[in-house]
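The values are calculated or read from the model by the stated rules, or taken from the named source; none is laboratory data. Quick caveat, the model's predicted, so the values are computed rather than measured. Every residue, glycine among them, receives a Cβ derived from its backbone with ideal geometry; neighbour counts consider all protein chains shown. SASA here: full protein model, heavy atoms, side chains in, ligands and nucleic acids out. Shrake-Rupley method; radii C 1.70, N 1.55, O 1.52, S 1.80 Å.
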Amino acid sequence: MAGAGAPVWAICVLRVALATVYFQEEFLDGERWRNRWVPSTNDSRFGHFKLSSGKFYGHIEKDKGLQTTQNGRFYAISARFKPFSNKGKTLVIQYTVKHEQKMDCGGGYIKVFPADVDQKNLNGKSHYYIMFVGPDICGFDIKKVHVILHFKNQYHANKKSIRCKVDAFTHLYTLILRPDLTYDVKIDGQSIESGSIEYDWNLTSLKKEKLAESKDWDHAKDDKTQDWEKHFLDASASKPSDWNAELDGDWQAPMLQKPPYQDGLKPEGIDKDIWLHQKMKSTNCLTQYDLSEFENIGAIGLELWQVRSGTIFDNFLITDDEEYAENFGKATWGETKGPEREMDAIQAKEEVKKAREEDEEELLAGRFNGNEDFFNRFHRQDEL
């Protein structure tokens, strides 16, 4: 086989070449991130972001990301990229988030916006396509991952309960939307929920609409006076070789008279799928609704509330290739997750040691003060 001897590096290069990366952000160029990310000025009380790797990290530069800095604030910031449509393509949205402050109430999610979003006025009412909530935490009850999709002027949320990570370490969140209307939600590279967009989202209104369309179709099908019941396309006909579309217009196959038949027998050569004047609409699936397709994706942003600040967002990625996203996750979060935990463990031991030493110093100081009081009392008695 010709491809059997292909080197691994060549296959990897081909894989990267086939992937389309719409947006990728690792914050590796210091403060230049401010040239790409636009903070909203919609509200003067919005909190501010800074670039930070946090109190503990796996790599001081690679782990730098956008960190919330003020308690009890809303935050709104976004970045643009070249607009694109994911029609007929897989859409992968991925990023890392770290709640080193041990989040008690607040969001750690991202939103994907249409290209015409007003970045300077970004707020909670700004229209978005996708809301991928990594960790959404508040108290003991809410510790979940939401996935919300916008369609037909409504926001539809995933019905399944997906639990998020609640510790203080960095975690990798991935959302995959496929053209066959399947999806996958991953945390740290492991699939934690997957299935069908049709069945796992709240689509009650769309199903009612489908039912109405189905009734309309049944009514039309029973009307034997319709032209489409009497005629069909000549499937064997082909466009003449001298046909000029500019002069003659679009060519259409000729219509033939539908021959009579009885007892439900269909005449040979006639297929119900080629009736001309009305095509049966799909009423048993939602493929026609393009629930996972968006025509003008052009921005990504953070629009959220936090009671206690300190969350760090990093390693943003939007692509059409699942394997590229997996490799990107391994090359970023995958490389620093271990050292990050090691540094946290070292700091924890140092804190315990320091606390023990402080306790011992207080205990010794208390004993010394006690002895001093006893010495003073003894001498006062002598004087008397």
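Laid out as a table, the results:
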item: Complete set of residues in the stretch 34-57 that are part of a loop (DSSP other than H, G, I, E, B) and open to solvent by less than 50 Å² (accessible area, probe 1.4 Å); result: Ser40, Asp43, Phe46, Gly47, Ser53, Gly54, Phe56
item: Subset of the stretch 75-116 [aromatic (Phe, Trp, Tyr) and more than 15 Å from His127 (Cβ to Cβ)]; result: Tyr75, Phe81, Phe84, Tyr95, Tyr109
item: Check on Leu28, farther than 30 Å from Lys125 by Cα, open to solvent by 60 Å² or more (accessible area, probe 1.4 Å) and at pLDDT 95 or above; result: yes
item: Selection count, the stretch 58-108, where residues are in a loop (DSSP other than H, G, I, E, B), of a type outside the set (A, V, I, L, M) and farther than 11 Å from Ile312 by Cα; result: 15
item: Output for the stretch 316-340, where each listed residue is closer than 26 Å to Gly298 by Cβ, of a type in the set (D, E, K, R) and open to solvent by less than 60 Å² (accessible area, probe 1.4 Å); result: Asp320, Asp321
item: Count of residues meeting criterion [in contact with a Leu (Cβ under 9 Å, 6 or more places away or on another chain), farther than 15 Å from Ser44 by Cβ and aliphatic (A, V, I, L, M)] in the stretch 58-76; result: 1
item: Where a residue in the stretch 314-325 is touching a residue at least 12 places away in the same chain (Cβ under 8 Å) and under 17 Å from Val112 (Cα atoms) and its partner, wherever it lies, is in a loop (DSSP other than H, G, I, E, B) and open to solvent by less than 10 Å² (accessible area, probe 1.4 Å), with Cβ under 8 Å and at least six apart; result: Asp314/Phe27; Asp320/Asn86
item: Selection status of Asn296, open to solvent by 40 Å² or more (accessible area, probe 1.4 Å), modelled with pLDDT of 90 or more, among the polar types (S, T, N, Q) and closer than 30 Å to Asp167 by Cα; result: no
